[in-house]
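Enquirer: Pasting in a structure now, in structure tokens, and then I'll have a few things to ask.
The values are calculated or read from the model by the stated rules, or taken from the named source; none is laboratory data. Predicted, not measured: the structure shown is a model, and the values here were computed from it. Note: ideal-geometry Cβ built from the backbone for every residue, glycine included; neighbour counts use all protein chains shown.
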């Protein structure tokens, strides 16, 4: 059965109580409400996105990010930090069955990523420079996804939570699809944000590591411990 043409309201039930009106008027909160209704609404939207998607692992992972963006979950900025035309182009490529942009929900929430204090733009440029040479291909959408991943490093929590993934495994899927050579270097399963900044330390971007080796670092557990 082909996907619906618009964001039609979910059927009212105990598992999917949010209407389209409620979806486009998510309260401005910094954290996703921990209720069954909110979780059911997020899952419903994610499943719709999967139905509209291109069937790739990257597209499936991105469905979680997009559902979280539109439902007020996570810490990503509007349009995932992309320009409006870049955001539209990425969604057309990864979700060919998606309704027209005028029917997309508008996230209404406080942002919890760091605001640009003069150094954020340079930090994003350094993270992008780290990822671009390791990307899977030269397609425009892969370049855009490296930007999204760089923006995902700017939150205050675990990268997978800030980006709105359902699990840390989804972040690995997206990194492996977008920057596979870089993802493969995380052989010790280091937390991804810690890993990416450690790679910056090893590059020529000017970052200074505080410890000569991970084993000698007092924050070892913070880098390699379980992400909850």
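Enquirer: Here is a check on your reading of the model: is residue 66 crowded, with 22+ Cβ neighbours inside 10 Å and either closer than 15 Å to residue 151 by Cα or modelled with pLDDT of 95 or more (or both)?
Expert: Working: crowded, with 22+ Cβ neighbours inside 10 Å: yes; either closer than 15 Å to residue 151 by Cα or modelled with pLDDT of 95 or more (or both): yes.
Against the criterion (crowded, with 22+ Cβ neighbours inside 10 Å and either closer than 15 Å to residue 151 by Cα or modelled with pLDDT of 95 or more (or both)), residue 66 qualifies.
Enquirer: Here is a further query. Within the set of pairs 6+ apart or on separate chains, which have a first residue in the stretch 93-106 that is within 15 Å of residue 78 (Cα to Cα), a second that is part of a helix (DSSP H, G or I) and modelled with pLDDT of 75 or more, and C-beta atoms under 6 Å apart?
Expert: Hits for this filter: 101/88; 105/70.
Enquirer: Oh, and also: Report, by residue number, each residue of the stretch 72-104 that is surrounded by fewer than 18 Cβ atoms within 10 Å (Cβ to Cβ), in a loop (DSSP other than H, G, I, E, B) and at pLDDT below 90.
Expert: Listed by number, the residues that qualify are 77, 99, 100, 104.
Enquirer: For residues in the stretch 134-175 being part of a helix (DSSP H, G or I) and without any contact (Cβ under 8 Å) to a residue 12 or more places away in the chain, which is farthest from the chain's Cα centre (by Cα)? It would help to see each step written out before you state the result.
Expert: Pass one, the stretch 134-175, residues part of a helix (DSSP H, G or I): 134, 140-154, 159-163, 168-175.
Okay, now just the ones that are also without any contact (Cβ under 8 Å) to a residue 12 or more places away in the chain, so 143, 169.
Details: 143: 14, 169: 12 Å.
The extreme case among them is 143.
Enquirer: When the stretch 176-198 is examined, which residues are found to be assigned to a helix (DSSP H, G or I), touching a helix residue (DSSP H, G or I) at 6+ places or on another chain (Cβ under 7 Å) and within 24 Å of residue 120 (Cα to Cα)?
Expert: Answer for the stretch 176-198, where residues must be assigned to a helix (DSSP H, G or I), touching a helix residue (DSSP H, G or I) at 6+ places or on another chain (Cβ under 7 Å) and within 24 Å of residue 120 (Cα to Cα): 178, 182, 183, 192, 193, 194, 196.
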